[in-house]
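K.L.:
Dropping a structure here in structure tokens format, bear with me for questions.
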Amino acid sequence: MTFRQLRVMLAVVVLAALFGAGCGSQGKPATKQPPSEDRTAQVAAAGDSSGAGTKPVLMLGRSVMWGWFKHWGWDGSIESMPLAKNGYSLTYREIATPPDIAASAAGFMEEAPEGSVVFFKFCFDDFPGGEDAVARFEQQKEWVAQVAAKAEERGQPLIIGNALPKVSAATDPTLVAEHKEFNAWLEEFANGSGGKVRVYDFYGMLAAPDGALTAEYATSADDSHPNDEGYSQLDPSLFSLLDEVTG
């Protein structure tokens, strides 16, 4: 092999490695989670139709919610949003990251069809653990109160998801304590709402006894997004709760 041929071969190997890294970040294929602005634009352009003969549900979250819709067969296209499933018209909206999360949610709630149920959740990355946990907890309480106030103003039944566990490699006792403190407070908040706020128990269904995400529900050992089995674990209780709220 000549030196020129060796240089060409090395260049091909380097390019392949670079493209592979870009498409498979954290083990997720490039098509699973398009850039944030693309996802938001897709859903916003879909309009606010509640779907004929179905009950409208506004689902507010980020990548985990995106994955849940993909699990339900959503192809990511404008035309197929909202998604009809189990008698419900489900619309996904990607809310902003903290500190703008509550304001972003309120904006989408303003646009939701009349009679919509609202499902609001934090991302697992919204629970920082460590030294930032106390300050974040106080912020989370304010954001939840703001979302609940908007739901009451709009006459929208509100479901709030509790903490999403992370994979074992990203979990420590401090984070487990943060999750449990938030979950306990959220239950108290909902109990004091007179039935206007319900809690969806992500944690109880996905967490292992040590507080980490149950391994068989994780996308991978270092990726805390639920896999298809994880979402299948969540589905029955979600639609049961929706039936209860809308019944």
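K.L.:
When you count, for each residue, the other Cβ atoms within 10 Å and take the mean per peptide, how do 86-99, 179-192 rank with the highest first?
P.N.:
Descending mean neighbour count gives 86-99, 179-192.
K.L.:
Which order do Ser193, Ser116 fall in if you start with the one that has the fewest other Cβ atoms within 10 Å? Could you put the intermediate results ahead of the total?
P.N.:
On the way: Ser193 15, Ser116 23.
Ranking Ser193, Ser116 by Cβ neighbours within 10 Å, fewest first, gives Ser193, Ser116.
K.L.:
How many nm is it between the label spots at Phe189 and Asp75, if each spot is 7 Å from the Cα in line with the beta carbon?
P.N.:
3.8 nm
K.L.:
Between Ser232 and Ser220, with labels modelled 7 Å along Cα→Cβ, what's the label distance in nm to one decimal, could you check?
P.N.:
2.2 nm
K.L.:
Rank-order 55-66, 135-146 by packing density, defined as the average count of other C-beta atoms within 10 Å over each peptide's residues, highest first. Walk me through the numbers before you get to the answer.
P.N.:
Details: 55-66: 22.7, 135-146: 15.2.
Peptide ranking by packing, descending: 55-66, 135-146.
K.L.:
Here's a follow-up. Taking the simple approach of a point 7 Å from Cα along Cα-to-Cβ for both Glu131 and Ala149, what is their distance in nm?
P.N.:
About 3.1 nm, to one decimal.
K.L.:
Multiply the residue separation of Glu138 and Glu110 by 0.36 nm, subtract the distance between their alpha-carbon atoms, and state the gained length in nm to one decimal. Show your work: numbers first, answer last.
P.N.:
On the way: separation 28, 0.36 × 28 = 10.08 nm, distance 2.51 nm.
Full extension of this stretch gives 7.6 nm more.
K.L.:
Check Lys55: other-chain or 5+ apart residues with amide H under 5 Å from its amide H, H built from backbone geometry?
P.N.:
Those qualifying (amide H under 5 Å, at least 5 residues apart or on another chain) are Tyr88, Ser89.
K.L.:
Quick one: how many lysine pairs does the range 35-246 have with C-alpha atoms less than 21 Å apart and a gap of 8 or more or different chains? Give me the count, please.
P.N.:
Total qualifying Lys-Lys pairs in the range 35-246 comes to 20.
Readers should treat all values here as calculations from the given coordinates under stated rules, not as data from a laboratory. This one's a predicted model, so the numbers in the text were calculated from it and none came from an experiment. For neighbour counting, all protein chains shown are included, and Cβ atoms are generated from backbone atoms with ideal geometry for every residue, glycine included.
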